[in-house]
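Bear in mind these aren't lab numbers, they're just calculated from the coordinates by the rules spelled out. For clarity, every value in this text was computed on a predicted model and none was experimentally measured. So basically every Cβ, Gly included, is an ideal-geometry build from the backbone, and we count neighbours across all protein chains shown.
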Amino acid sequence: MRAQNQRGHAMIELAVSAGVMVACLAGTVQFGYTFYVYNQLVTAVGNGGRYAAMRTYRASVPSDIEKGRAAIRNMVVFGDSRPAPGVVPQVANLKPEQVQVDWVMDESGKPAAVNVSIIDYTVDAAFGMFRFTGKPAVEYPFVGRFAPAESEP
Amino acid sequence: MRVRQKGFVLIAMSVAMVVMLAVMGLAFDFGRIYIARNEAQVFTDAAAMAAASKLDGTDAGLDHARQAVAKLPMRWNLGTKSFTGVVVEFSPDKQSWARVTAPDNQVEISFLRAVGGPAVFTVPAHSVAAAKPVRLVE
């Protein structure tokens, strides 16, 4: 009777402690990976914002502005404004469409600053999902060359 | 013998819990610290560029530079807290460079405190930018 009792205790103890341990481990993996990805996103938008800030702003036709945006998005995602086909993104599953580039214009119609942010990106951290919209975000002042009459190559 | 056996799970659990807290602390607290550091660095990079771009050798230029830094919307702590105590310094000639320091970004420590870590960890960042920036040909 006593021996049976003890075995029951051991099983309950194992069940309780294993439950706690697994929950802790799952949380650690989930948050650890999410933070890791978020940190990569911060680096990516920071680099993209810096690139956008120093890049030549060309606007002879509206599609030039869009081409410029595409180059900035590529810089965020691939670390390269013109990535070779098949290049892997720097952050898992990040796509150029998930990067938002907004120019802030001054009164004279010149770009004054650029906002780069991540929209609608989901981190799949095995035990849970986190969705980031609007963050991380950076704003860089525009310090590049303003060339409204030139067209994007 | 029975007395020893009864205590074993308790001891094993407490040792495992301490180790577990340390591991969780490494993942959670260090994760947040690294993010805060990175966010602060990106902020000071942008702020130094914003400040340096306003410099023109006059005191008004310095004011504009300080305003440009204060106007930046960037935040830290996973994009939730605004930067406080930001220091903006300039070259003596008021037109060569600007230096921005974000000195007191204090990350609150959650798990590492339980195993002897500090309550807060400060992650400062600073950047210098030249008034005549490098421009990309691209």
In the Gaussian network model of chain B, springs joining C-alpha atoms below 10 Å, which of B:ALA16, B:ALA48, B:ALA27 carries the largest mean-square fluctuation?
-> B:ALA16
For chain A, set up a Gaussian network in which alpha carbons nearer than 10 Å are linked by springs, and say which option among A:VAL45, A:VAL77, A:VAL114 fluctuates the most.
-> A:VAL114
Projected area, mean over directions - segment B:2-130, Cα convex hull, nm² = 8.8
Take the cross-link list A:LYS67/A:LYS135; A:LYS110/B:LYS94; A:LYS67/A:LYS95; B:LYS54/B:LYS94; B:LYS54/B:LYS132 and give me the ones stretching past 19 Å between alpha-carbons.
-> A:LYS67/A:LYS135; A:LYS110/B:LYS94
Read phi for every residue in segment B:41-55 and hand back ³J(HN,Hα) as whole Hz from Karplus 6.51 cos²θ - 1.76 cosθ + 1.60, θ = phi - 60°, with x for Gly and Pro.
-> 5, 4, 4, 5, 4, 5, 5, 5, 5, 4, 5, 5, 5, 8, 6
Pseudo-spin-label distance B:ALA16 to A:ALA112, built 7 Å along Cα→Cβ, given in nm, is 6.0
What are the ³J(HN,Hα) values, in whole Hz, obtained from phi via the Karplus relation 6.51 cos²θ - 1.76 cosθ + 1.60 with θ = phi - 60°, for each residue of segment A:67-81 in sequence order, with x given for Gly and Pro?
-> 5, x, 4, 4, 5, 5, 4, 4, 5, 5, 7, 10, x, 7, 6
For A:VAL99, list long-range residues whose amide hydrogen, built 1.01 Å from N in the peptide plane, is under 5 Å from its own amide hydrogen.
-> A:ILE119
In Å, the C-alpha Rg and Dmax of segment A:31-153 are 15.1, 52
Can you pull the Rg over Rh of the protein assembly as shown, Cα-only, Kirkwood?
-> 1.15
